[in-house]
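Visitor: To start, I am sharing the structure in question, which I have written as structure tokens.
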Amino acid sequence: MRYQRRLQTAPPLGAEKEPMLDLLRAPVAQAIAQHLDLDLAEVMPLVIPPTKAGAGDLAVPCFALAKARKVAPPRLASELADTLASTIPGAQASAAGPFLNISFSPATVAGMLLPALADNPCVALRDDSGAGHSVCIDFSSPNIAKHLAFHHIRSTMIGNSLARIYQACGWDVARINFLGDWGTAFGRLIAGWKRENLSLSDLEAADDKVTFLNALYVRISTAAEADASVAEEARTWSKRLEDGDTEARELWQVFKDASLTEFHKVYGLLGVDFDSWKGEAYYEDKMAPVLAELESSGLLSKDDGASVVDLSAEGFKKPVLIKRADGGTLYATRDLAACQDRFNEFNFDRSMYVVDLGQGLHFGVGFAVAKKLDKPYADRLRHVGFGVVLMWDETEQAFLKGSSKKGRVLLLTDVLNESITRARAIVAEKNPELSDDEQNAVAHAVGIGAVVFNDLKNGRKGDVKFRYEDALNMQGDTGVYLQFAHARLCSIERRFASTCADAPAGDVQLLTRDDEKNVLLLIARMRDALRLTLDNDEPSQLAQALLQLAAGISSWLSAGSKDHSARVIGDDLAVSAARIRLVAAARATLGEGLRLLGLIAPERM
RNA sequence: GCGCUCGUAGCUCAGCUGGAAGAGCAGCUGCCUUCUAAGCAGCCGGUCGCAGGUUCGAGUCCUGCCGAGCGCGCCA
């Protein structure tokens, strides 16, 4: 509706769905289509952002068009350049060999973008493609009575970011933390607890309850190795726990609550929360229906006493194990039950598992079984995999897999706190005028942001090579870089508000600088980045686009330190008023982008 | 052996549906008396693992090699 007036002169294709960059693209494609007597749909994909820097705002490689017309590409390019120059106001077109390059005036771009951004400052990072749809996102999923290790940041922050991004695109999102809260380890813990005659107050007194439980686990495991009767005690408690023994269940609950207390501290630091905390234990008594269904559908067969589903027709070499020879259920069984449970509760249109790529086979077979059962949701399941974390080993001079024996294990909370500490020292040095509270808040935002952004900025499928100096770096392509650009924009807005209260409404015609246009185009391209992020479940697409936006902003703002006329706030109040509109748009876009990645954007730092 | 992920600058990586090789770090130059130098401007640095194929055009798609990481039944 809002674009109706424009549609009388510009073509409809893409304009409704893509009100940002395509507003520039469509008129170009239309003019070319008309000139060559082609369908608009054929031409649109040929109008692309140029890969070569300085080649303009849009480009059209003319190879295919020229071939169809049986002319040389450079000749067609210059022919089209002449056509466009006369048909599109505010645009300049030129041929560079076989490429047609198009540039718009800053005011033309601003006129198209700024009104939309004034209506909704986050419009560049909004999309309603998910409206009316729901998605389950399974992420983080740590094991009870163990620490969140550094590698947990991957699932936790990729999942958190995807949850926010799906939400921004209109999806109804359920964030699920599938806790690993079941297994024989708890029998051991209970046995140890009883042997040592521990009480709740012992646990309460511990600084870190998970550390307390870990230590207990190590002691009882050592004792069990030395003494067979201790091992027998542990087995007995495991059995009692499974059978629902009251005392066992109560202690199990104590351990779980204690672990969750520690988890919440870390999630609090990271700004992550969940809608569902159903863990493995919850599904213990909910697998019978799954087994019955598999049985009645004739999919189960026996293999060495165990029950399996054959998936050779689906291309899997080995069948998937559903029930152990001793009757116990397994990982796959539990996930099938959980999947059904989520469908019952959320009626999801998509269900995602943010779990490392090493589990690809597990999800592959699990999804295949759902399909064999003709589940309506079988095609809605996605494994969002990611690579492992490798730690820099000084003695080996190489990135190696984490190993507790070799001291290459880091706790997530330790890395985060170290980063905050480093950030605190830098804040104190750079901004001593900020209050202590403010310095602490900035150190938190910057310290956490550095670690989180370091994890999100690259494609999720690659292995993460972790080196302290790199992950905690506060210079270059980092989270801090984005936050700093955002804080500068906020600072200019504050100054404008206090010194230019009587400024007129900003007139986009006064935006004439190329660096201003560059920022506008970068904002417009956020839509493409958002779509790529969503299509590929890949937050790095958004992260990379934000880096480019921040670079454009930094370059623009820094121009003012040499050239007084380039400043946002200058002698000409009308120009300042126009530029502050761009500042506001850039600040809102950058701030929202940071939020979607799970970072905090301080207003001063 | 089979499967998955990958191989781009000294290091860490980006490169969207094929269209004109990009960042950051490290090294070297410049730039803070007025909107934040956690920054900006610039230099240096690449037969995109190798070989074929498809195409007007391949870092991108296909095949085969080589190399790395991870995974392949009664743990999760």
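Every number here is computed from the coordinates shown, using simple stated rules; none is lab data. All values derive from a computational prediction rather than experimental measurement. Quick reminder, even Gly has a Cβ in these numbers, built from the backbone with ideal geometry, and neighbours come from all protein chains shown.
Visitor: To the nearest 10 degrees, how steeply does helix A:331-346 sit against the main Cα axis of chain A, on a 0 to 90 scale?
Guide: 60 degrees
Visitor: Among DSSP beta bridges whose residues both lie in chain A, state the antiparallel percentage, nearest 5.
Guide: Counting DSSP beta bridges with both partners in chain A, the antiparallel share is about 55 percent.
Visitor: Sort the following peptides by mean Cβ neighbour count (other Cβ atoms within 10 Å, averaged over residues), highest first: A:249-256, A:439-446.
Guide: Details: A:249-256: 17.5, A:439-446: 21.2.
Averaged packing, sorted descending, gives the order A:439-446, A:249-256.
Visitor: Still on this model: For residue A:134, what residues show an amide H to amide H distance below 5 Å, using hydrogens built from the backbone and excluding near sequence neighbours?
Guide: A:172, A:349, A:350
Visitor: Set the bar at 24 Å for Cα to Cα. Now go through A:318/A:375; A:256/A:465; A:317/A:457 and name every pair that lies beyond it.
Guide: A:256/A:465; A:317/A:457
Visitor: Next question. Using the beta-carbon distance between residue A:48 and residue A:297 and R0 = 60 Å, what value does 1/(1 + (r/R0)^6) give for FRET efficiency, to the nearest 0.05? Could the numbers behind the result be given before it?
Guide: On the way: r = 50 Å, r/R0 = 0.83.
Once the sixth-power term is evaluated, E becomes 0.75.
Visitor: Counting alpha carbon pairs within less than 8 Å and at least 6 residues apart, what relative contact order, in whole percent, applies to chain A?
Guide: 15 percent
Visitor: Taking the Cα centroid of region A:428-461 and of region A:96-134, what is the distance between the two, rounded to the nearest whole Å?
Guide: What the calculation gives is 30 Å, centre to centre.
Visitor: Okay, moving on. I'd like the Karplus ³J(HN,Hα) series for region A:536-548: coefficients 6.51, -1.76, 1.60, θ = phi - 60°, whole numbers in Hz, and an x wherever there's a Gly or Pro.
Guide: 10, 6, 9, x, 4, 4, 5, 4, 5, 5, 5, 4, 5
Visitor: Which FRET efficiency value, to the nearest 0.05, do you get for residue A:86 and residue A:604 by plugging their Cβ-Cβ distance into 1/(1 + (r/R0)^6) with R0 = 45 Å?
Guide: Given R0 = 45 Å and the Cβ-Cβ separation, E is 0.35.
Visitor: Sort the following peptides by mean Cβ neighbour count (other Cβ atoms within 10 Å, averaged over residues), highest first: A:185-192, A:491-498, A:572-579, A:172-179.
Guide: Details: A:185-192: 24.0, A:491-498: 14.6, A:572-579: 19.0, A:172-179: 22.4.
Ranked from most to least packed, the peptides come out as A:185-192, A:172-179, A:572-579, A:491-498.
Visitor: Scan around residue A:401 for amide H atoms under 5 Å from its own, H built in the peptide plane at 1.01 Å from N, and keep only partners 5 or more places away or cross-chain.
Guide: A:391
Visitor: Run the reach check for residue A:406 against aspartates and glutamates, Cα to Cα strictly under 14 Å, same-chain hits fewer than 8 apart removed. What comes back?
Guide: List returned: A:393, A:394, A:396.
Visitor: On to the next question. What whole-number distance in Å separates the alpha-carbon centres of region A:147-187 and region A:528-585?
Guide: 32 Å
Visitor: On C-alpha positions alone, give me the angle between the axis of helix A:209-226 and the longest principal axis of chain A, in degrees, nearest 10.
Guide: Rounded to the nearest ten degrees, it is 40.
Visitor: May I ask for the angle, rounded to the nearest 10°, between helix A:73-87 and the longest principal axis of chain A, with both axes built from Cα atoms and the value confined to 0 to 90°?
Guide: With both axes taken from Cα atoms, the answer is about 70 degrees.
Visitor: Please report, to two decimal places, log10 I(q)/I(0) for region A:11-170 at q = 0.09 Å⁻¹ as given by the Debye formula with identical point scatterers on the Cα atoms and no solvent.
Guide: -0.46
Visitor: A further question follows. Spelling out what I want: for every residue of region A:445-462, take phi, set θ = phi - 60°, compute 6.51 cos²θ - 1.76 cosθ + 1.60 (Karplus), and round to whole Hz; glycine and proline get x.
Guide: Couplings: 4, 6, x, 5, x, 4, 5, 5, 5, 4, 7, 8, 6, 9, x, 5, 6, x Hz.
Visitor: Considering only DSSP beta bridges where both residues belong to region A:262-388, give the percentage that are antiparallel (nearest 5).
Guide: Antiparallel bridges: around 65 percent, rounded to the nearest 5.
Visitor: I've got another one for you. When the dipole is taken about the Cα centre of chain A, and only Lys, Arg (+1) and Asp, Glu (-1) are charged at their Cβ, what size is it in debye, to the nearest 20?
Guide: On the way: 68 positive and 80 negative charges, 298 e Å.
Roughly 1420 debye, rounded to the nearest 20.
Visitor: Mind checking which aspartates and glutamates have their Cα closer than 14 Å to the Cα of residue A:302? Skip sequence neighbours fewer than 8 apart in that chain.
Guide: A:310, A:326
Visitor: Expected output is a single nm value to one decimal: the length gained when fully extending between residue A:68 and residue A:428, i.e. 0.36 nm times separation in residues minus the C-alpha distance. What is it?
Guide: Full-extension gain reported as 123.2 nm.
Visitor: Let me ask you something else. Of the listed peptides A:239-248, A:590-599, what is their order by residue-averaged count of other C-beta atoms within 10 Å, with the highest listed first?
Guide: Going from most to least packed, we get A:590-599, A:239-248.
Visitor: Calculated from DSSP H runs of 4 or more alone, at -39500 (n - 2.57) each and per residue, what is the 222 nm mean residue ellipticity of chain A, nearest 500?
Guide: Details: 23 runs with 327 residues, N = 605.
Dividing the helical sum by the residues of chain A leaves -17500 deg cm²/dmol.
Visitor: Expected output is a single nm value to one decimal: the length gained when fully extending between residue A:215 and residue A:75, i.e. 0.36 nm times separation in residues minus the C-alpha distance. What is it?
Guide: Extending this stretch completely gives an extra 42.7 nm.
Visitor: Lys/Arg Cβ at +1, Asp/Glu Cβ at -1, dipole of chain A taken about the Cα centre: which of A:413, A:26, A:565 is farthest positive-ward?
Guide: A:26
Visitor: Putting +1 on Lys and Arg Cβ atoms and -1 on Asp and Glu Cβ atoms, find which of A:179, A:110, A:329 reaches farthest to the positive end of the dipole of chain A.
Guide: Farthest towards the positive end: A:110.
Visitor: Can you tell which of A:312, A:276, A:288 lies farthest toward the positive end of the dipole of region A:251-348, using +1 and -1 charges on the Cβ of basic and acidic side chains (Lys, Arg; Asp, Glu)?
Guide: Towards the positive end, the residue furthest out is A:312.
Visitor: Related question: Run the dipole for region A:487-605 about the Cα centre, Lys and Arg Cβ at +1, Asp and Glu Cβ at -1, nothing else charged, and hand back the magnitude in debye, nearest 20.
Guide: Around 220 debye, computed over region A:487-605.
Visitor: About the Cα centre, and with charges only on the beta carbon of Lys, Arg (+1) and Asp, Glu (-1), how big is the dipole of region A:286-380? Nearest 20 debye, please.
Guide: Computed about the Cα centre, the dipole is about 60 debye.
Visitor: For residue A:384, list long-range residues whose amide hydrogen, built 1.01 Å from N in the peptide plane, is under 5 Å from its own amide hydrogen.
Guide: A:353, A:354, A:355
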